[in-house]
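Dropping a structure here in structure tokens format, bear with me for questions.
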Amino acid sequence: MFCRAAPGRAAPGRAGRGESPGGTAACSPPSPPSSARPRPRPSHAPRPAPLPPRRSIGAELRQALSSTSPAPTIALRVGLAVAVATVLGWALPLLHPAWVAVGAAASLQGGPGRQPSQRAGARFVGTVAGVAVTVLLAQVYQPGEWATVIMVTVFHGVSRALPPSALLLRTLLNTPVALLLVNAVFSKPGLGPLAAYRLLDLTLGMCLGMAAALLVRGVPRRRVCAAVSAAVGATGPALAIRLRTGTPHAVSGGTAWRRTGDLWTMHASVPAEEIRSTDTADRLWPALLAVRRLLAWNLLAGPSAPAPADGARVGGFLHALAGAARTDLPGSARIGSALSHSPRTPSPAHDPDLHRRLTALRSALEHAALPSPGTKPPDGG
């Protein structure tokens, strides 16, 4: 059957054979443009992972007071120091009793990696230097109201711009701020004597803070072990559901990430609350890194076929590791003895990368170190 071309139009496909271009056959509709044609969809379109449900304020408070949190120990230490400093400030004939409590709290406050003795030393040196600067200023200049406002604004702004690690410089700048503000409100006894009272009151408070730090010694080991066990134990259900269904589960995955966040907080808090440096934080780091790698696989790995048997084996394996982690710190003899009775490292049939990450977690708990690439698993799995 031949199609008759419409007047002024050419049959399709004839433009290259001597007929005028731009025409179409009268019996066939025009073909749609290439931009309007439907594009083939990929067989596995990426889908965003579901978010875990938000927790209530009560749940957050219960977690802060749980056995896996360092907050109760820190709160007990700071509360004891501030309470004793407040009583002494009220009982002794001090010019500003609140400065004693401020000094006690300041000696126990600081950034990660700084021990209480280091924080107290940095704050004491900074206070002495700040008092010296203020006394020298009082000898040559008595600031008025607007001059006080400008100086306080500049000193406070510069101190807030410094990093938390520059504790000495921040204390040096904050000391004149407090003295200038108090001197602006109370005209007596003057800026010079006020600086001396500030030094004495804060020194007394810092001594009380150090005494509290010696009395309440750091984060107990049982809390550190509980944080490791909780992070490993929460990872087990998340991976088990992931393998059983082939997709990540929002609730179990969110719980596992929160427990890992608690372990991260514990890792940062332990060295900051120790009187003497230990290797506890160094022991925690490989386990924290191994758990995060497992959760990253759980979240980022592509969809897979359901494997209920692999899910059950992985869940039981991580449950055994969580029980062993509660006995002692990673790398200790007790946790090594407990891991000797745990099952072999599972080997999911379709994902050897998960087997390597599970082996790394076991090595982090048993030896407090991640295995080097190509190392044979310690259990032969």
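Just to be sure, is Ala322 surrounded by 15 or more Cβ atoms within 10 Å (Cβ to Cβ), touching a residue at least 40 places away in the same chain (Cβ under 8 Å), out of contact with any His (no Cβ under 9 Å at 6 or more places or on another chain) and of a type outside the set (Phe, Trp, Tyr)?
yes
Mind listing whichever residues of region 247-276 are open to solvent by less than 10 Å² (accessible area, probe 1.4 Å) and within 11 Å of the chain's Cα centre (by Cα)?
Matches in region 247-276: Thr260, Leu263, Met266.
Checking the conditions here, which among Arg334, Arg326, Arg276, Arg293 is of a type in the set (Lys, Arg), modelled with pLDDT of 90 or more and within 30 Å of Ala212 (Cβ to Cβ)?
Answer to the check: Arg326.
When you look at Arg283, is it within 19 Å of the chain's Cα centre (by Cα), open to solvent by 20 Å² or more (accessible area, probe 1.4 Å), at pLDDT 90 or above and under 19 Å from Asp328 (Cβ atoms), yes or no?
yes
Please find, among Arg217, Arg223, Arg170, the residue that is closer than 26 Å to Leu95 by Cβ and among the basic types (Lys, Arg). Walk me through it before giving the result.
Details: Arg217 fails: closer than 26 Å to Leu95 by Cβ; Arg223 fails: closer than 26 Å to Leu95 by Cβ.
That would be Arg170, the only listed residue that is closer than 26 Å to Leu95 by Cβ and among the basic types (Lys, Arg).
Which residue, of Thr134, Thr148, Thr153, is assigned to a helix (DSSP H, G or I), modelled with pLDDT under 85, more than 27 Å from Leu92 (Cβ to Cβ) and of a type in the set (S, T, N, Q)?
On the way: Thr134 fails: more than 27 Å from Leu92 (Cβ to Cβ); Thr153 fails: modelled with pLDDT under 85.
Matching residue, one of Thr134, Thr148, Thr153: Thr148.
Go through Arg244, Arg223 for me and flag whichever is closer than 24 Å to Ile74 by Cβ, open to solvent by 10 Å² or more (accessible area, probe 1.4 Å) and modelled with pLDDT of 85 or more.
Arg223
Which of the residues that make up region 368-381 are at pLDDT 75 or above and surrounded by fewer than 17 Cβ atoms within 10 Å (Cβ to Cβ)?
Listed by number, the list holds a single entry, Ala369.
Please go through (1) of a type in the set (A, V, I, L, M); (2) over 30 Å from His267 (Cβ atoms); (3) modelled with pLDDT under 85 for Ala122 and return the number of the only condition it doesn't satisfy.
Ala122 satisfies all of (1) of a type in the set (A, V, I, L, M); (2) over 30 Å from His267 (Cβ atoms); (3) modelled with pLDDT under 85 except (2).
Further, regarding this structure: Kindly establish whether Ala250 is in contact with a Pro (Cβ under 6 Å, 6 or more places away or on another chain) and more than 30 Å from Gln142 (Cβ to Cβ).
Yes: the conditions hold for Ala250.
Out of all the residues in region 339-356, which are buried (at least 19 other Cβ atoms within 10 Å of the Cβ) and either within 29 Å of the chain's Cα centre (by Cα) or of a type in the set (Val, Ile, Thr) (or both)? Step through it out loud before you land on a result.
Residues of region 339-356 that are buried (at least 19 other Cβ atoms within 10 Å of the Cβ), as a first pass: 339, 342, 345-346, 348, 354.
Selection gives Leu339, Thr345, Leu354.
Next question. Working carefully through the options Gly218, Gly236, find the one that is touching a residue at least 12 places away in the same chain (Cβ under 8 Å), on the phi > 0 side of the Ramachandran plot and crowded, with 18+ Cβ neighbours inside 10 Å.
Gly218
In addition: So Ala138 clears everything in (1) under 21 Å from Ala120 (Cα atoms); (2) surrounded by 18 or more Cβ atoms within 10 Å (Cβ to Cβ); (3) touching a helix residue (DSSP H, G or I) at 6+ places or on another chain (Cβ under 6 Å) except one condition, right? Which one?
(1)
The values are calculated or read from the model by the stated rules, or taken from the named source; none is laboratory data. Treat the numbers as computed from the prediction; the structure is a model and nothing was measured. Cβ sites come from the backbone with ideal geometry, for glycine too, and all protein chains shown count toward neighbours. Note: areas computed on protein heavy atoms with side chains; ligands, DNA, RNA excluded. Shrake-Rupley method; radii C 1.70, N 1.55, O 1.52, S 1.80 Å.
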